[in-house]
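Structure record follows, encoded as structure tokens.
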């Protein structure tokens, strides 16, 4: 059922509208009585006036954060719109008071907002971006101007809302993560280095002990035997064999002493490539294997334990090459990288069946599992690969912090140890 | 003073911190029949005291000892008895080590592993007023004779490097700039004819420039 409201705009005086009654006449008119039964007016429902003219709509004013903004001005809005007021109107000559509005701001309102007769739309805290404001109106008879009026809005971001700021945040977060990651890496490396240093200290202690007590004692014993030998017999044959035994003992002491010095120094003479070159020369002398050594990067001092383990693993590899591969060529590559030290050995022999070798190491050698195990102990990655007939390649990588005696550069000296 | 069967046996003082070493040496000496071990000292301080007391003909002196090391003991003894005849007995060779002992006043330098063969000869040489040096050590000294010696500061730095200290720590410890330490290192490398610090330390230990 369609209803139509008549009010004072139609000539009815509300003050007179008490005890009002409406009577339908025979001609179909509705007669309206007011106070004291006086007929005030009539309405002919069959001939009602209807306004078909949709009201034109205009956007009239705009206030941004309380400051007037000229409509249609191309100058951009100030950054950061806290409060936006848009005033609009629809001139209607017949009944402007009855003009109804609806508006929507694309990007904020999902549907039309019924504003009633209010001629103002208010938005607060608009995000930066492009918007389109549209307002439509209907006249007193509900005829809508669906074209309405519309306006483009462009709200620039504040610094805090800007892409630059977001990018900066992202950079900051990334930097924080990177820092945390490196801090952790350094922490772990330091732990590893500490463990290596503990081992070095332990060896130092053992070496000192060996030197100070055992070797000196044995040397003293040799002197005793010498003295005893001189007394025991004047038989030149016996004397000679005793002398020889003592010579051998002297040699043993000298050898042991050198070993102890090595233990103590925990350092074989020369750089890693030099040591490997000597090893290769020793192992392959008289064989058909030709070795080639390449070094990349500037030579750095290495942690003694790391160097020793790398050398002994490499020696094991070379011994295998000599004994089993039938190789003619062995390549050794040392790379003093900024982030890690890498050592790679490869031969052109007949290759190995990795599965078999993985299962058991051979007698007298620490074998493949042993090599991996030793690499792991110094924090090195260990990879070995082989193709039947295409040789074996082994590579190890040790992180710079563990491998090098002193790092060249330190971004994070968070964990500085001073003593 | 030559060793002969007629003369009284040579009176010998043995200085070594290891008792088994002292006993072995004593047996070797006494078996020769020409020498008498009159005293055993276990450290440098004891050595100085016993020397003053016993006035031995020959003192056999170890270098690495507690309290007072061999070189210091030699200097101390020689300051009281300028004619004291002291033979250094050490495990390690090294021209600098030998020179230091000789400069302190030692008359001979002998490696422990050649005691069996050379000790009697060494004692004989020293008794006759000459100096005794094993040929290897003598050659080494000759080879490095014209080398520019390391300064005290340089040796101090080498010692710190041997302890595994980084340049920065060394600079802090001896109160100089890191650049100064680097300059010293450069000079050390040049004098020792080495390429890196590890090699420098190894060589310095071998030559007896520093002790571990």
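For the range B:1-20, which positions are at pLDDT 90 or above and within 14 Å of chain A (Cβ to nearest Cβ)? Hits for the range B:1-20 are B:12, B:14, B:15, B:16.
Scanning the range B:91-114 for residues that are at pLDDT 85 or above, crowded, with 20+ Cβ neighbours inside 10 Å and closer than 30 Å to residue A:228 by Cβ yields B:106, B:107, B:108, B:109, B:110, B:112. Considering A:246, A:272, A:293, which residue is surrounded by 14 or more Cβ atoms within 10 Å (Cβ to Cβ), within 13 Å of chain B (Cβ to nearest Cβ), closer than 30 Å to residue A:328 by Cβ and modelled with pLDDT of 85 or more? Going through A:246, A:272, A:293 in turn, the sole match is A:272. Does residue A:158 qualify as being in contact (Cβ under 8 Å) with a residue 40 or more places away in the chain, away from chain B (no Cβ under 14 Å) and surrounded by fewer than 11 Cβ atoms within 10 Å (Cβ to Cβ)? Taking the combined requirement at face value, the residue does not satisfy it. Does the range A:37-59 contain at least one residue that is modelled with pLDDT of 75 or more, loosely packed, with under 13 Cβ neighbours inside 10 Å and in a strand (DSSP E or B)? No, because not a single residue in the range A:37-59 is modelled with pLDDT of 75 or more, loosely packed, with under 13 Cβ neighbours inside 10 Å and in a strand (DSSP E or B).
Looking across B:183, B:190, B:171, B:195, one residue alone is within 14 Å of another protein chain (Cβ to nearest Cβ) and not in a loop (DSSP other than H, G, I, E, B). It is B:171.
Taking the conditions (1) surrounded by 13 or more Cβ atoms within 10 Å (Cβ to Cβ); (2) touching a helix residue (DSSP H, G or I) at 6+ places or on another chain (Cβ under 7 Å) in turn, residue B:118 satisfies each one other than (2).
If the condition is being in contact with a helix residue (DSSP H, G or I) (Cβ under 7 Å, 6 or more places away or on another chain), under 21 Å from residue B:37 (Cα atoms) and either assigned to a helix (DSSP H, G or I) or without any contact (Cβ under 8 Å) to a residue 24 or more places away in the chain (or both), then the range B:92-115 contributes B:112, B:113, B:115.
Within the range B:27-64, the set of residues being closer than 14 Å to residue B:86 by Cβ and outside any strand (DSSP E or B) comprises B:44, B:47, B:48, B:50, B:51, B:52, B:54, B:55, B:56, B:57, B:63. Filtering the range B:108-118 for residues that are away from chain A (no Cβ under 14 Å) and within 25 Å of residue B:44 (Cβ to Cβ) leaves a non-empty set.
Answer yes or no as to whether residue B:67 is over 30 Å from residue B:210 (Cβ atoms) and part of a loop (DSSP other than H, G, I, E, B). Spelling it out, it is not the case that residue B:67 is over 30 Å from residue B:210 (Cβ atoms) and part of a loop (DSSP other than H, G, I, E, B).
Screening residue A:179 with (1) touching a residue at least 40 places away in the same chain (Cβ under 8 Å); (2) surrounded by 11 or more Cβ atoms within 10 Å (Cβ to Cβ); (3) in the same structural domain as residue A:77 (by TED's automatic domain parsing); (4) at negative phi gives one miss only, at (3).
Regarding residue B:75, is this residue away from every other protein chain (no Cβ under 14 Å), within 21 Å of residue B:129 (Cα to Cα) and modelled with pLDDT of 90 or more? Answer is yes for this residue.
Taken over the range A:1-32, the residue count meeting the criterion of being at pLDDT 75 or above and not in a loop (DSSP other than H, G, I, E, B) is 7.
Conditions tested, residue by residue: (1) in contact (Cβ under 8 Å) with a residue 24 or more places away in the chain; (2) in contact with a strand residue (DSSP E or B) (Cβ under 8 Å, 6 or more places away or on another chain); (3) surrounded by 18 or more Cβ atoms within 10 Å (Cβ to Cβ).
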position	(1), (2), (3)
A:102	yes, yes, yes
A:111	no, yes, no
A:114	no, yes, no
A:125	yes, yes, no
A:131	yes, yes, yes
A:134	yes, yes, yes
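Selection of the range A:136-155 for residues being surrounded by fewer than 14 Cβ atoms within 10 Å (Cβ to Cβ) and in contact with a helix residue (DSSP H, G or I) (Cβ under 6 Å, 6 or more places away or on another chain) yields an empty set. Scanning the range A:201-243 for residues that are over 22 Å from residue B:211 (Cα atoms) and more than 12 Å from every other protein chain (Cβ to nearest Cβ) yields A:233, A:234, A:235, A:236, A:237, A:238, A:239, A:240, A:241.
The values are calculated or read from the model by the stated rules, or taken from the named source; none is laboratory data. Treat the numbers as computed from the prediction; the structure is a model and nothing was measured. Glycine gets a Cβ as well: all are built from the backbone with ideal geometry, and neighbour counts include every protein chain shown.
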